[in-house]
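This report concerns only the one structure given below.
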Amino acid sequence: MAQMAFAAGARLAAGALRTLAAQGVARLFSAGGREPARPDGLDIQTSTEGSPVPRIYGRMRLAGQVIWASRFRETRVKEQRSGKGAGGSTRSYAYSVSFAVALCEGPIAGVGRVWANGAPLDTGRVTMRVHAGTEGQLPDPLIAMIEGVEAAPAYKGLAYVVFEDLPLDDFGLRIPQLNFEVLGGGDAPEAGSLESLIEGVCLIPASGEFAYASQPVMREIADGRDAPENVHILRADTNIEAALDDLAMRLPECRSVALVTAWIGTDLRCGECQIRPGIESFDKITRPHAWRAGGVNREHAHLISGGPEKPVYGGTPSDRSVIEAIQLLKSRGYRIVLYPFILMDVPQGNGLPDPYGGAEQAVFPWRGRITCHPAPGQPGSVDASSAAAAQVASFFGSASASHFSTSSGQVHYSGPNEWRFSRFILHHAALAAAAGGVDAFLIGSEMRGLTTIRSASGVYPATAHLKTLAGQVRALLGAGCKLSYAADWSEYWGHAPGGGERRFHLDPLWADANIDFIGLDWYIPLADWRDGAGHLDALAGFTSTHDPAYLVSQVEGGEGFDWYYASPADRESQTRTPITDGQGEPWIWRYKDLRSWWSEAHHERDASGTRLAQPTAWVPRSKPFTFIEYGCPAVDKGANQPNVFIDPKSSESFAPYFSRGTRDDVVQRRYIEALMGYWQGANNPVSPLYGGPMIDLGLSHAWTWDARPFPEFPALSTVWDDGANWQLGHWLTGRAGQASLARIVQDVAARAGLDAVDTTRLDGLVAGLVIDGGERARDVLVRLGALYGFDMVDRANGVAAWPRSALAVTSLDASHCLRAGNAPPLVITHEAAAGRVREVRIAHIADDEAYSPAIASARGLDAAVEGVAEFGLRILADTGQAQGWAQGLLRSDEAGALGVDLTLPPSLMAVEAGDTLILSGETGMDAPLMVASLEGVAARQAALVTAAARDPVLAGTQPSSREPDQAPPSRPVLVALDLPVLPGETSERGGLWVAAFAAPWPGPLTLYAGPDASSVAPVLELEQPASLGRLTADLPAGFEGRWDRASVLDITLFDGALESVAPLSALSGVNQLAVEGADGWEIIQFASAELVAPSQWRLRDLVRGIGGSAIGGAPSGARVVVLDGAGAVLPLDANALGARLTLIAVPPGRSLDDVSARQVEALYEGVEYRPLSPVHLKAVWQGDELALSWIRRTRLEGDAWGVGEVALGEAQELYRVEISDDAGALLWTGESTLPSMLVPSETALELPAGAYWQVAQTSARTGPGRPAQGTLPAPLP
């Protein structure tokens, strides 16, 4: 009979690496077979018949195989282009194609990000359908339509993606190289797994001004520069939609969401604490809507500490975004619990009196610390007095349901001007009503310091206020909404002021008719684990803190049920005090004993410890519990103290008891599986009163899922600065859906025909793994075993995946080993140093933005270059993880240089392959040894190698920091200029000059135009950004057509640069810009440009009023457009003169109503057709008549020399003359077809002193042009 660790050979660590160094990974693991996968480059999309189909575990980037394609589709596009006169009409063609790409074996959970030719693809702008690869999937409807229903394949069991009419213009008119982030695990969750047990989640971050908005919201940084508030992905329109997509894929049994929304608390003294909406900045400008919450706008909200540069929290979600989130969740079929939450903004150096006796209040504390001042137990405490009742009453305030109303999706408040708890809660209730209602609503949570304040012995005023508040909320939300309070796990069960007194202080609330269930934030310890093997729970036979049986045994047992620690010293020494009660009710002291609390009448104990005969108002079994929150941090020994969290800014930041502070996703997973799995079925009794279970698991919510999608959160450190907390926090985002190492091993073995494999000792997790079709199961298991530190061993009960451990199972005196004659009991071999591995290199996939191939290496201290072992696997790992694997393999090789052969005595018949021995006695060895193989029956020959312990991989990867995708693009600045004919132009341009700017430039903007927004049509494309800016100082009125050497023009350009030129170049139009004034656009030429500050320019040597434009000046902030040809003419005919136009500039791939589209109103007055003002005005007396004369100018080709009389430029020559008095009152008008006229004597002789005259050339198209003004000679004597 033989037993051996066969997956890696008898001595994987000792032999495999040395073979790797000599032969290479391909020959070692796949001799005579298919070469195993090695991530040495990016996948390339192909279309090859017979290609193997890969399998995906966790998540991974994959290229696919094109398995079907339609013919190319040609679409004719008609466009209006800029041009002279009415413009020209051109036609172009666009091409698209529909096709299908096979990904991998199904079923998958879904597809995340997509890359096209290496760049992220905005999947929200294309039609893409994902087929998960189930055995029951139907043919894609497009393929069925084209190929026919009978001929269309369903590709059952194959996950694939169909693109419908994918535009090819951006990809060189060919199908792009596509890569997909594939999310594995689409089959039904394994029974008892976290994914199968979670029926609800809490949705955070609770703060973030637009974190819950389902419509894109942009923040305006500067002109043409925006930043997204809630769009940092391309796979959905908003972050929350992507996060909910992920939730549906990763937690398919989730049916309920508790939406957590935070206002800001300001003080731990309940009588002084305000609870207000908070903002990150007073100056933030957003669109399409501005922030508003709690009935106030940004100007009147609380500025969160650190803002605006670095606020410690995100701002309160706007009212509108909360309503949008509720409606979005409803549309996806979730039940909704609205969960108002308090974040305490008490910064360092706050100087506030501390109710707990400190020099100042603790930094950013838990809301459960809010209490009376001084707090119970402190010198001078007001607890148990009327003063305490007054402070509590002040905390709640006087707002009532009658002060709130809703209309048009908004909440209106008409109550007292106070920011107290009742207003906070009732405003949220009104929000829920405005959103169309919610399934459940919480009137508060975890106010432990408040609810235990007494106004007298046994009297708890906060409970009475909560009862009143529940009635007010009921008035707003009606009977169809379930109401409760979410009590802390240390709060719900009662209050023990001391001396044997025990009060069920919340029972009046729990028994109230308006309360539908007992809400619990249930963070009970399920472990008391320490490092090493000498602590009590290890001695009791449990294997680790991840042992499912161990965790389950603590749900209704262990700390808080059987025993407690009376002091920190007792906890250190594990001195456990049994929980007993001299009056036969030990359950009243057990916070874990939900069953007894729920099923028993509650008899309080008074201050003397006497049991009261009359029970409280609680009716046994009358209402269910719900776990409003439950969960465990992903940190070492998280089950010891699951209520704590690590957040360096907070005074509440702690690691669990005895934790090393390292990441541990497995303990989080096992905690949830133990807790929720325990309460399934028979352990959860049914009430005879309401017919439901004791614990309503359907309304219980795991803490927590984030509305910021993974991996963008936590990877976008430039967007969210709390991403570092994700590593050790309670987040399930990015952890749910990780593949269990045990399940992978079972699946790989089963596919090879080995159905029964014991994997109960494997605790590892795999973030992502690809197994290419055709790879041998043995090869895969070998490589996984080498990385994760386990061997496949043949044991008495079958094959097992056995982790390598340095903990000895059996001790063997070497002298007891059987020997042949005088032979020594042990044969010890040491491999020569020359054959040893000196460096290990592991090729893997990095968890970065692109899933890049990466290599991690570890080298021995002797720095030898010989003996390099290369090891490859398409497995996802971060740098630290891969480096740890390489170091572990190198240590395994060093330990494996020692081998021991011996014959076991019959007394050790129980020893099996994979067990660990300690050889004692004279010839024994200090190091533990692993049994690599056993041969024989009675006398078994054992081959031992050094047991090189490997820590299990208990966590997934940490996504590397990255920059957000640019989506949506910035909204462009759009300017429509009604300009005169400029020097050098030989004809009118026939419309408005249109220019735009955005940074970064999104590509050609499509300009739509029409009389109103509902009737616009595409007219042209703006190919490049213009240089736009604003005046930074007032521009005074000037003079026309001459060099102005004294004045300066100060401007800020949004982007780009200017340069000085020679004066003749300036006069030829090289440096030319337009400034918007009250009378229209003035065209200015300049010769000198100086950069005086970043983006700020000072222009000198000016020529103003070019083309006869207005010279009246402009105020600081006026718009500036550099006329360098970056723009286009919007062709307009005579019918458009004087009519208002709506213009909309739309970035590529966006719609007219998109948040990135810019809409402006424009008026075309035909300035280019307007005659210039006459010059050289002259007025003289001719007898008793007044002779007026002038010289006309032309709009067209007036700068040409030597041509005699300039062109008229009009259908006829016509002038309008007006004479006005010094107050501007019109005295006389006349018209002339010549550049002169006589004012008749009867008028001229009556003109008053100070009168003046104006003349304007008249156009048949636009009427009188800009007038010129002249003085009149003195009246005749």
Based on the alpha-carbon gyration tensor of region 344-413 and its eigenvalue square roots a ≥ b ≥ c, which shape applies: rounded if a/c is under 1.5, prolate if not and a/b is larger than b/c, or oblate? oblate
Residue-wise HN-Hα coupling along region 685-693, computed from phi with Karplus coefficients 6.51, -1.76, 1.60 (Hz; x: Gly, Pro): x, 9, 6, x, 8, 10, x, x, x
Cross-link reach list, aspartates and glutamates versus LYS649, counting only Cα pairs under 19 Å and skipping chain neighbours closer than eight places: ASP267, GLU280, GLU309, ASP345, ASP354, GLU360, ASP721, ASP722
Length-normalised contact order of the chain, Cα under 8 Å, at least 6 apart, in percent, tallies to 10
Enumerate the calculated ³J(HN,Hα) couplings along region 560-575 in order (Karplus 6.51 cos²θ - 1.76 cosθ + 1.60, θ = phi - 60°), each rounded to whole Hz, writing x wherever the residue is Gly or Pro. x, 10, 8, 7, 8, 9, 7, 7, x, 5, 5, 5, 4, 8, 6, 8
Mind listing the long-range amide H neighbours of GLY106? Cut-off is under 5 Å, sequence gap 5 or more, other chains count too, H placed in the peptide plane at 1.01 Å from N. LEU158, ALA159
Using only Cα atoms and rounding to the nearest 10 degrees, what angle (0 to 90) does helix 386-396 make with the longest principal axis of the chain? 60
Residue-ordered couplings for region 1044-1058, obtained by feeding phi - 60° into the Karplus form 6.51 cos²θ - 1.76 cosθ + 1.60 and rounding to whole Hz (Gly and Pro as x), are 10, 8, 8, 7, 10, 10, 9, 9, 10, 9, 5, 6, x, 9, 10
So what does log10 I(q)/I(0) come out to for region 973-1165 at q = 0.09, 0.15 Å⁻¹, using the Debye formula with one equal point on every Cα and no solvent? -0.33, -0.91
Relative packing of 364-376, 1208-1220, which averages over residues the other C-beta atoms within 10 Å, highest first: 364-376, 1208-1220
Cα centre as origin, Lys/Arg/Asp/Glu Cβ charges: the chain dipole, Debye: 1500
Over region 55-176, what relative contact order in percent results from Cα pairs under 8 Å that are six or more residues apart? 29
Cut-off 20 Å, label 7 Å out along Cα→Cβ of LEU1234, residues of region 1167-1183 by amide N: 1174-1183
Taking 0.36 nm per residue of sequence separation and subtracting the Cα-Cα distance, how much length would be gained by fully extending the chain between GLN1159 and ASP283, in nm to one decimal? 313.0 nm
Let me check against my output: what whole-number percent is the relative contact order of region 1175-1271, with C-alpha pairs under 8 Å and at least 6 apart? 30
For region 740-885, shape from the Cα gyration tensor axes a ≥ b ≥ c, cut at a/c of 1.5 then a/b versus b/c, turns out oblate
Rounded to 5, the percent of DSSP beta bridges in the chain classed as antiparallel: 80
Under 5 Å from the placed amide H of ASP165, counting only residues 5+ away or on other chains, we find VAL97, SER98, PHE99
With bins of 20 Å, the percent of all Cα-Cα pairs of the chain per bin from 0 is 9, 29, 29, 20, 9, 3, 1, 0
So how tilted is helix 741-751 from the main axis of the chain? Cα-based, degrees 0 to 90, rounded to 10. 80
Amide H contacts of ARG1195 (H built 1.01 Å from N, under 5 Å, at least 5 apart or other chain): LEU1172
Surrounding net charge for GLY798, when Lys and Arg each add one and Asp and Glu each subtract one, Cβ distance under 13 Å: -3
Using a ≥ b ≥ c from the Cα gyration tensor of region 1175-1271 (square roots of the eigenvalues), is it rounded, prolate or oblate, where a/c under 1.5 gives rounded and otherwise the larger of a/b and b/c decides, a/b for prolate? prolate
According to a simple spin-label model (label point 7 Å from Cα along Cα-to-Cβ), what is the distance in nm between ALA549 and GLN1269? 10.2
Can you give the angle from 0 to 90° between the axis of helix 319-331 and the longest principal axis of the chain, with both taken from C-alpha atoms, to the nearest 10? 60
Fewest to most Cβ atoms within 10 Å: CYS817, CYS273 sort as CYS817, CYS273
HIS535 label point, 7 Å along Cα→Cβ, cut-off 16 Å on backbone N: hits in region 625-640? 633, 635-640
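The numbers here are math on the coordinates, done by the rules we state, and not lab data. No experiment lies behind these values; they were computed from the predicted model shown. Don't worry about glycine lacking a Cβ; one is built from the backbone with ideal geometry, like all the others, and counts go over all protein chains shown.
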